[in-house]
Amino acid sequence: MSSPNSRLPALAALALGLVAAATALVFFFAPLDADQGLSQKIFYFHVPIALTAYACFGWGAWKALLHLWKREPGADLESYVAIHQGVIFGALTLLTGSIWARASWGVWWTWSSQQLVLFLVLFLFYSAYFMLRFSVPPGPRRANLSAVYALFGIALVPVSILAIRLSERFIHPVAFDRGGPNMAGSQFFTFCVSWAALLTLAALLYHVELAGKRIDVRMRELREALR
């Protein structure tokens, strides 16, 4: 049976292909928006990045639950890496959102926008995860506290999504409503490919970082054994 590391080249090739396809679709296939023009195309990066951040936080919470519930070996490290990736994609969400807002509405940030503030709170909450984790010595206590924190944090994700759903369209356009995608078929196809590309890229980065962290743990264990 092949190890996860042996599948990394295939995953990297898939991520590269999807990112290239998504970029081509965004700039040469998806139509220009009648109101926002070229600046609207950042939607195909901003929204998939945000959804990928949510997925990473969700995966981190799931692994945290497995650690607390079943004491699954390695689940604590997997949860940590997933949350780390979520914070990276969260930072990119804030960056691309600010660029889009500046290009389309002339402001980098508005504190009166609940969805922006709530996502910032979510981002800062998970950023503080690392302060908690590394303030406790390695061991079961660190793993348990980190897992509990990750599970509390996931409750902020649906609140953040709900804030976007309830936001005013002028500040944060609603891409999906009860009737389905609020966009043309070509736009929706481009969005799906872009999201698949970002999810695959996140999976690749997750497995690469996880492999590195596992090597670091083994090296630390060997050093301890040789003392």
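When Phe89, Phe125 are compared by accessible surface with a 1.4 Å probe, the order from highest to lowest is Phe125, Phe89. The Lys70 and Trp105 beta-carbon pair, evaluated with R₀ = 41 Å, returns a calculated FRET efficiency of approximately 0.30. Applied to region 118-131, the Karplus parametrisation 6.51 cos²θ - 1.76 cosθ + 1.60 on θ = phi - 60° returns per-residue 3J(HN,Hα) values of 5, 5, 4, 4, 4, 4, 5, 4, 6, 5, 5, 4, 6, 5 Hz, with x for Gly and Pro. Each of Lys213 and Ala128 was given a label point 7 Å from its Cα along the Cα-to-Cβ line. The distance between the two points is 2.1 nm.
The accessible area of Trp62, taken with all protein chains in place and a 1.4 Å probe, comes to roughly 110 Å².
The values are calculated or read from the model by the stated rules, or taken from the named source; none is laboratory data. Keep in mind that what you see is a predicted model, and the values were worked out from it rather than measured. For neighbour counting, all protein chains shown are included, and Cβ atoms are generated from backbone atoms with ideal geometry for every residue, glycine included. These area figures cover heavy atoms from the full protein model, side chains too; ligands, DNA and RNA do not enter into them. Shrake-Rupley method; radii C 1.70, N 1.55, O 1.52, S 1.80 Å.
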